[in-house]
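Structure in structure tokens, see below.
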Amino acid sequence: MLIHIIEEYYLKEKVAIVTGAGSDGFGRRMAKAFASKGADLVLNDIDEKGLEITKEEIQKKYDSKILTVKADISNSAEVDEMAKEVSEIFENVFLLVNNAGIDGGLYSSLKAKEALYDKVMGVNVKGAWNVTKAFYRVMKRQREFMPIRGKIINIASCAGTQNGLNPFIGIYSASKAALIAFTKLWALELGPSDITVNAISPGVFLTPIYNNDPKLIRQFLKSRGVKLPIDKVGDPNWVADIALFLASPAANYITGQNIIIDGGMCVSINKI
Ligand SMILES: NC(=O)c1ccc[n+]([C@@H]2O[C@H](COP(=O)([O-])OP(=O)(O)OC[C@H]3O[C@@H](n4cnc5c(N)ncnc54)[C@H](O)[C@@H]3O)[C@@H](O)[C@H]2O)c1
């Protein structure tokens, strides 16, 4: 028997923060998806122009209140400034999506330069840590949203999973493994405050990180001898759908998990 029917606008009067929301990759798609369920939005990126486009596209369709904040998430002072701005405009932060990430180029981990290590780890790991540190206290206080006071979603990667560790993008791969580890740690640390923390690990999706070029993705897969059991390059809206599910009441009892969405890529590596 279905005992819980999800209201259509289950994010109404709830604020969702999305980092890396200036790109027409997962960030913009997730922001649109949350707006479609009634959320107000904080859109963060270093790309101000991209943020304006995301904001305009959303405002054409939805009446979400939107704050755009240009801030480099790897810089804690900028993140703290963003948190201050958010607190001046909004009274809650229900959803935090740590989505901003960079791949840093094709380097095996030991051939990468120190500057690249610092940059990739700085955005993908320290960035998510900075932003989570800046907002978890607000979430903890939000009794009005019981049974769950807040939700955190980390956008990791197949490359951060045990099967998917990728020597072609070594530092990136290690950074996403660290983000998956933080997902589990934060689920433990924040569970007692009724905050869920989960990760989504995409496989290969057509976004600006791959120059929106399916050929580039196919070449990348071929060079590693990887086959996709469901032989399609991913559509970023599919990741937005998983984020919507995690943001919905249907996922209230899910925490500390890493949801892999990859057409079976991770399970197939070295097998087919
Ligand atoms: N596209 C894929 O196939 C794929 C697969 C697995 C994981 N991912 C992950 O998904 C996330 C989004 O990827 P995408 O494909 O949409 O990438 P994208 O490059 O299109 O978007 C990333 C956004 O993050 C922003 N950004 C970069 N550094 C930042 C910083 N220091 N502070 C704030 N914003 C910053 C960029 O300006 C950009 O707008 C990333 O974490 C990426 O690692 C992507």
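FYI, it's all coordinate maths here, none of it is from the lab. Predicted model only: the values in this text are computed from it and were never measured. Quick reminder, even Gly has a Cβ in these numbers, built from the backbone with ideal geometry, and neighbours come from all protein chains shown.
All but one of (1) closer than 21 Å to Ala128 by Cα; (2) more than 10 Å from the ligand (Cβ to nearest atom); (3) surrounded by 20 or more Cβ atoms within 10 Å (Cβ to Cβ) hold for Leu67; which doesn't?
(3)
Looking at Ala112, is it out of contact with any strand residue (DSSP E or B) (no Cβ under 9 Å at 6 or more places or on another chain), of a type outside the set (Lys, Arg) and either within 30 Å of Lys12 (Cβ to Cβ) or surrounded by 22 or more Cβ atoms within 10 Å (Cβ to Cβ) (or both)?
Criteria not met by Ala112.
Could you list, in sequence order, the residues of region 198-217 that are near the ligand (Cβ under 10 Å from one of its atoms) and surrounded by fewer than 14 Cβ atoms within 10 Å (Cβ to Cβ)?
Asn211, Asn212
Checking the structure you have, find out if any residue of region 161-175 is away from the ligand (no atom under 15 Å from the Cβ) and either crowded, with 19+ Cβ neighbours inside 10 Å or in contact (Cβ under 8 Å) with a residue 12 or more places away in the chain (or both).
There is at least one residue in region 161-175 that is away from the ligand (no atom under 15 Å from the Cβ) and either crowded, with 19+ Cβ neighbours inside 10 Å or in contact (Cβ under 8 Å) with a residue 12 or more places away in the chain (or both).
So, one more: Pairs please, first residue from region 198-218 and more than 22 Å from Thr183 (Cα to Cα) and touching a residue at least 24 places away in the same chain (Cβ under 8 Å), second anywhere and near the ligand (Cβ under 7 Å from one of its atoms) and β-branched (Val, Ile, Thr), Cβ atoms under 9 Å, 6+ apart in sequence or on different chains.
Ile209/Ile102
Considering only region 95-104, I want to know if a residue exists there that is touching a Leu at 6+ places or on another chain (Cβ under 9 Å), within 15 Å of the ligand (Cβ to nearest atom) and among the small types (Gly, Ala, Ser).
Scanning region 95-104, I find at least one residue that is touching a Leu at 6+ places or on another chain (Cβ under 9 Å), within 15 Å of the ligand (Cβ to nearest atom) and among the small types (Gly, Ala, Ser), so the answer is yes.
Which one of these is touching a residue at least 24 places away in the same chain (Cβ under 8 Å), more than 16 Å from the ligand (Cβ to nearest atom), acidic (Asp, Glu) and out of contact with any helix residue (DSSP H, G or I) (no Cβ under 7 Å at 6 or more places or on another chain): Glu144, Glu114, Glu88?
None of the other options fit; the residue is Glu144.
Within the bounds of region 217-234, is there any residue that is within 21 Å of Gly101 (Cβ to Cβ) and touching a Cys at 6+ places or on another chain (Cβ under 8 Å)?
No, region 217-234 has no match at all.
Which residues, counting only those in region 36-64, are over 20 Å from Phe135 (Cβ atoms) and hydroxyl-bearing (Ser, Thr, Tyr)?
If the condition is that a residue be over 20 Å from Phe135 (Cβ atoms) and hydroxyl-bearing (Ser, Thr, Tyr), then Ser36, Tyr62 are the ones that fit.
Additional query: Of everything in region 116-163 that's small (Gly, Ala, Ser) and assigned to a loop (DSSP other than H, G, I, E, B), which residue is nearest to Leu206 (Cα to Cα)? Steps first, answer last, please.
Step one: filter region 116-163 for residues small (Gly, Ala, Ser), giving 122, 127-128, 134, 150, 156-157, 159-160.
Checking the rest, the ones that are also assigned to a loop (DSSP other than H, G, I, E, B) come to 156-157.
Numbers: Ala156: 16, Ser157: 14 Å.
Ranking the candidates gives Ser157 first.
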